[in-house]
Structure formats: structure tokens, C-alpha cells
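A short write-up of the structure that comes next.
The values are calculated or read from the model by the stated rules, or taken from the named source; none is laboratory data. Keep in mind the model is a prediction, meaning the values are calculated, not measured. Cβ placement follows ideal geometry from the backbone for every residue including glycine, while neighbour counts extend to all protein chains displayed.
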Amino acid sequence: MGTNYQFETKAIHAGAAPDPITGSRQTPIHLTTSYQFKSSEHAANLFALKEFGYIYSRLHNPTVAVLEQRLASLEGGVFAVATNSGHAAQLIALFNLLESGDEFVAAKKLYGGSINQFSKSFKQFGWNVKFFDESNPESLNSLITDKTKAVFIESVTNPEGNLVDIEAIANIAHKHNIPLLVDNTVATPYLINPIQFGADIVIHSTTKFLSGQGTVLGGIIIDSGKFPFEKFGNKFPLLNNPDSSYNQLVFTKAFGNLGFSVRAIAVGLRDLGCQQSAFDAFITLNGIETLSLRIQQHAKNAAFVAQWLSKHPKISWVSHPSTKPETDLHKKYGQKGFSSVFTFKLKNGTLEQGVKFVESLKLFSHLANIGDTRSLVIHPASTTHSQLSEENKILAGAGPELIRLSIGIENQIDLIQDLEQALEKV
Ligand SMILES: Cc1ncc(COP(=O)(O)O)c(C=O)c1O
């Protein structure tokens with residue numbers, strides 16, 4: 001579709017067209033493992049990457065391809081690769097860049113599962129992570145070495161909902177010839193497009209706001225196509241050296257600025273097997289059609305609830321940006337509002353009081369997810385961030401006294417009444 005359409009239009013149409021055979025207007029769910037070749041030559045060309053086409057759904061699938069094109073369009077990227085979870089997207093993206101012994105630098109404030117994945121499981125591959133204070137972009141400089149292959153941040157942090165200066169961090173990463181990978185899950189492309197601020201690769205857990213109703217897991221990697229991997233041959237050998245499994249093909253030479261994405265499919269999905277199912281892609285596509293309407297309501301409700309909480313006598317602190325004095329970050333990254341994921345502290349709150357509060361809520365669901373139409377609540381220190389050390393919990397913005405909310409799209413008055421009756425019990 002044309003690139004001049006606005007966000008709301010692209011959210012419904014990008015990547016999709018009526019089915020040429022049946023006329024089916026909704027994207028069909030192509031539940032098939034494999035695709036019949038036209039001839040032996042066709043099969044050989046597909047396997048040698050001489051021709052693009054469908055071979056086997058571990059690599060590619062027509063329903064999933066619509067999701068990929070839609071999110072590439074919404075984020076302003078050249079190509080996207082879907083995976084079966086947000087964590088798989090992080091794995092496949094870094095699998096293009098890091099070999100054993102390599103390093104990457106990640107923000108301190110990240111979803112607890114990402115901190116674990118990076119510092120524990122990725123260590124088994126010999127990938128070493130260092131953490132930097134994303135609120136002080138300059139602190140990145142001293143952590144970069146010859147072995148650093150990527151910088152990773154969240155555009156808006158989970159659980160606190162803090163804004164991060166993507167542009168300042170991108171400039172520093174680029175000064176060192178390193179790509180910036182941005183997890184845009186909490187913001188969604190409706191609120192922030194990291195590529196506009198210099199991000200090279202954007203990652204989402206589509207499990208959250210994009211599918212939007214707490215139904216299916218998924219992830220996506222969107223390539224801006226702007227990072228000149230081919231210029232730094234020795235730094236990125238996986239993209240710039242001949243690949244023996246594809247007859248010595250060099251991804252950046254053969255596919256130009258699509259090289260990163262083609263390798264993510266042809267090697268990453270082929271060998272790590274984290275493909276997204278057609279059914280899950282279909283559900284997420286339907287979620288994305290209403291993304292702009294939902295996020296407007298999420299953002300409106302969250303600002304209302306956060307401001308109400310910030311004035312409540314039993315609350316000492318709320319992290320939501322709307323409760324803080326306006327900064328340059330608000331102006332730069334908050335033009336369309338702020339995310340509905342944030343934390344707050346009960347005044348002199350103990351762990352027991354936090355538990356009592358969470359258990360007293362009736363409308364809010366107590367569960368481990370964000371970005372659902374339903375309002376959600378959790379105590380991160382004992383759940384999503386529980387595998388971190390006490391010190392790392394505080395660094396990640398998940399101290400013991402904090403409660404995380406993900407505000408849904410219900411009526412604001414009902415949400416406030418539920419919070420009020422639960423606070424009365426504390
Ligand atoms: C910000 C963020 N990134 C990544 C993930 C991982 O996504 P998934 O659960 O789809 O693997 C999560 C999950 O909560 C998240 O909140």
C-alpha cells in the first residue's frame with residue numbers, strides 16, 4: 001500500500017489485500033506447514049535464496065507475512081520478522097550480531113525477564129551483557145569495547161513507564177559504530193516510533209498491546225534498514241562473511257539493507273525454530289486494527305488514574321510521567337500521550353500491605369501481563385522481577401514496596417472506585 005497513509009489507516013490495511021482466489025477480505029489463516037513447489041528448479045532456487053517464496057512455515061508463512069508487513073509499515077522499517085514471543089525476538093535479533101565471547105550493553109531498567117535472559121541464559125552462548133544507566137546516556141561510552149556488538153534499551157520501561165532518550169543513546173551507539181536495538185513493547189508504535197529517533201532495530205512483544213486482549217504470545221523484529229553493517233565487515237562477520245550453509249552467500253552483499261532480516265529468517269528461524277503460528281498472527285493482526293483507538297483510551301485512563309493516585313493520602317509516589325513536571329523527554333516522546341503501564345508506592349507500605357491491596361481489588365486482575373483491555377495489577381518484586389537480586393530489583397525499578405498497574409480501557413470511574421475500596425482496606 002502507499003506510504004502516505006496515516007497510522008490509523010495503515011493499522012488496518014498495511015500488508016493485507018483481498019485474497020486473489022476467493023476474494024476473502026479478512027486475511028486468511030494459512031494453517032499449513034509447507035508449500036508445493038512449481039518445479040525442481042523452483043525448489044532449488046528457494047533453498048539457495050536465489051528466489052523469495054514460501055518453503056516451510058518454520059521460515060515463513062503468508063498470514064505471518066501480513067503481520068510482518070503491517071508492523072514494518074507502522075514502525076517505518078524496511079522489513080520485519082515475526083517470532084513466537086518477545087523473548088524469541090530478542091534472541092533472534094542478537095543471534096545475527098553476537099558470537100561466543102562478544103558483548104552487548106543493555107539498559108538497567110528493563111522487564112525482569114529480559115534482564116534474566118540477557119545475564120543468565122545468554123551467558124550460556126558466551127554472550128556477555130553489561131548494564132548502563134539509560135537515564136544517563138553518556139555512561140554508555142565507558143562500557144563499549146571492541147567486542148560490543150549491540151546496545152539494547154526499552155523506549156518506555158517496564159514496570160515504571162519511564163521515558164528513555166532514544167535519540168541521545170542512538171547517537172552514542174552510532175559514534176561507536178554499533179546498532180541500537182529498542183524494545184518498543186510498552187510504548188507501541190502508536191505512541192513512539194523509535195526509528196524516527198535513530199533506532200536501528202525495533203523489537204516488540206506482540207503479546208501485549210499489539211494483540212491487545214491477553215490472548216496470544218508473539219514477537220517481532222523490525223529492521224530500519226539504515227544501519228550500515230556492510231561498512232564494518234570485521235565487527236559483524238555473521239552478516240558480512242560467506243555463509244557455508246548457503247553456498248558462501250554474504251547476506252549484506254546479496255540482500256543489501258534487507259541482509260539483517262533475511263539472515264534472521266534463513267539462519268535464525270531455520271535453526272532456532274522460534275516461528276510464529278499463522279493463527280496467532282491472525283489474532284494479532286485483528287488486535288492491531290484497533291490499536292490507535294485502544295491506546296488513546298489506555299493513555300487517557302492511565303493519566304486519570306495516575307493523577308488520582310498521586311493525590312491520594314495513602315500513596316507516596318507514582319511513576320507515571322503525567323504526575324511529574326514536564327521535561328524535554330515528555331515533549332519529545334509524549335506527543336500522543338503516555339503508556340498505561342506504571343508503578344506506585346503505598347505510604348509507609350510494607351510487603352503485607354501491598355499483598356492486602358492487590359488481593360482486595362475486584363475489577364483489576366492480578367496476573368503477569370501488561371497491555372490487555374482489562375486493567376491488571378501485580379507486585380513485580382515477588383513475581384515478574386523475582387529472579388533478580390534485591391539490588392537489581394531496585395535498579396530495574398521494581399523495589400519491594402512497588403505495585404505495577406497496566407490500566408485497561410474500562411470506564412475510569414469504575415477503576416477509581418475499585419482502587420478506592422482496596423486502599424480503604426490497607
Ligand atoms: C517490555 C517487555 N519486553 C519483552 C517481554 C517478553 O515478551 P514475551 O512474554 O512475549 O516473551 C515482555 C514480557 O512481559 C515485556 O514486558
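Can you tell me which condition Ile222 does not meet? The list is (1) outside any strand (DSSP E or B); (2) more than 13 Å from the ligand (Cβ to nearest atom); (3) under 17 Å from Gly86 (Cβ atoms), and all the others hold.
The single condition Ile222 does not satisfy is (1).
So, restricting to helices (runs of 4 or more DSSP H) that lie completely within region 1-91, which ones have at least 1 residues that are under 16 Å from Leu285 (Cβ atoms) and acidic (Asp, Glu)?
Where helices (runs of 4 or more DSSP H) fall fully within region 1-91 and carry at least 1 residues being under 16 Å from Leu285 (Cβ atoms) and acidic (Asp, Glu), they are 7-13, 62-75.
Looking at region 208-219, which of the residues that are near the ligand (Cβ under 8 Å from one of its atoms) and either among the charged types (D, E, K, R) or touching a helix residue (DSSP H, G or I) at 6+ places or on another chain (Cβ under 6 Å) (or both) is farthest from Ala65 (Cα to Cα)? Outline the logic, then answer.
Step one: filter region 208-219 for residues near the ligand (Cβ under 8 Å from one of its atoms), giving 208, 217-219.
In the following step, the residues that additionally are either among the charged types (D, E, K, R) or touching a helix residue (DSSP H, G or I) at 6+ places or on another chain (Cβ under 6 Å) (or both) were identified as 208, 218-219.
Details: Lys208: 19, Gly218: 13, Gly219: 13 Å.
Among residues in region 208-219 that are near the ligand (Cβ under 8 Å from one of its atoms) and either among the charged types (D, E, K, R) or touching a helix residue (DSSP H, G or I) at 6+ places or on another chain (Cβ under 6 Å) (or both), the one farthest from Ala65 (Cα to Cα) is Lys208.
Please specify each residue of region 92-127 satisfying the condition of being in a helix (DSSP H, G or I) and under 19 Å from Lys393 (Cα atoms). Give the steps one after another, and end with the answer.
Within region 92-127, the first condition is being in a helix (DSSP H, G or I), and the residues that meet it are 92-95, 112-125.
Of everything in region 92-127, those that are in a helix (DSSP H, G or I) and under 19 Å from Lys393 (Cα atoms) turn out to be Gly112, Gly113, Ser114, Ile115, Asn116, Gln117, Phe118, Ser119, Lys120, Ser121.
Take the residues in region 196-207 that are more than 18 Å from Ala11 (Cβ to Cβ) and part of a loop (DSSP other than H, G, I, E, B), then tell me which one is nearest to the ligand (Cβ to nearest atom).
Going through the qualifying residues, I end up with Ala199.
In region 70-111, which residues are over 16 Å from the mean Cα position of the chain (by Cα) and away from the ligand (no atom under 16 Å from the Cβ)?
Passing the criteria: Val78, Asn96, Leu97, Leu98, Glu99, Ser100, Gly101, Asp102, Glu103, Val105.
Would you confirm, using the coordinates I've provided, whether Lys226 is in contact with a helix residue (DSSP H, G or I) (Cβ under 8 Å, 6 or more places away or on another chain) and either under 22 Å from Leu97 (Cβ atoms) or not acidic (Asp, Glu) (or both)?
Considered against the rule, which asks whether it is in contact with a helix residue (DSSP H, G or I) (Cβ under 8 Å, 6 or more places away or on another chain) and either under 22 Å from Leu97 (Cβ atoms) or not acidic (Asp, Glu) (or both), Lys226 comes out as yes.
Residue check: is Ala43 under 24 Å from Thr188 (Cα atoms), modelled with pLDDT of 95 or more and surrounded by 14 or more Cβ atoms within 10 Å (Cβ to Cβ)?
no
In the list Ile169, Ile178, which residue meets the criterion of being more than 15 Å from the ligand (Cβ to nearest atom) and touching a Lys or Arg at 6+ places or on another chain (Cβ under 9 Å)?
So the residue among Ile169, Ile178 that is more than 15 Å from the ligand (Cβ to nearest atom) and touching a Lys or Arg at 6+ places or on another chain (Cβ under 9 Å) is Ile178.
Out of Ala170, Ala199, which single residue is in contact (Cβ under 8 Å) with a residue 12 or more places away in the chain and within 26 Å of Leu388 (Cβ to Cβ)?
Of Ala170, Ala199, the one residue that is in contact (Cβ under 8 Å) with a residue 12 or more places away in the chain and within 26 Å of Leu388 (Cβ to Cβ) is Ala199.
What residue, of Pro242, Pro228, Pro237, Pro194, is more than 28 Å from Ser406 (Cα to Cα) and in contact with a strand residue (DSSP E or B) (Cβ under 9 Å, 6 or more places away or on another chain)?
Pro242
Kindly indicate the residue of region 128-146 that is part of a loop (DSSP other than H, G, I, E, B) and closer than 20 Å to Leu388 by Cα and also nearest to the ligand (Cβ to nearest atom) among those meeting that condition.
Glu134
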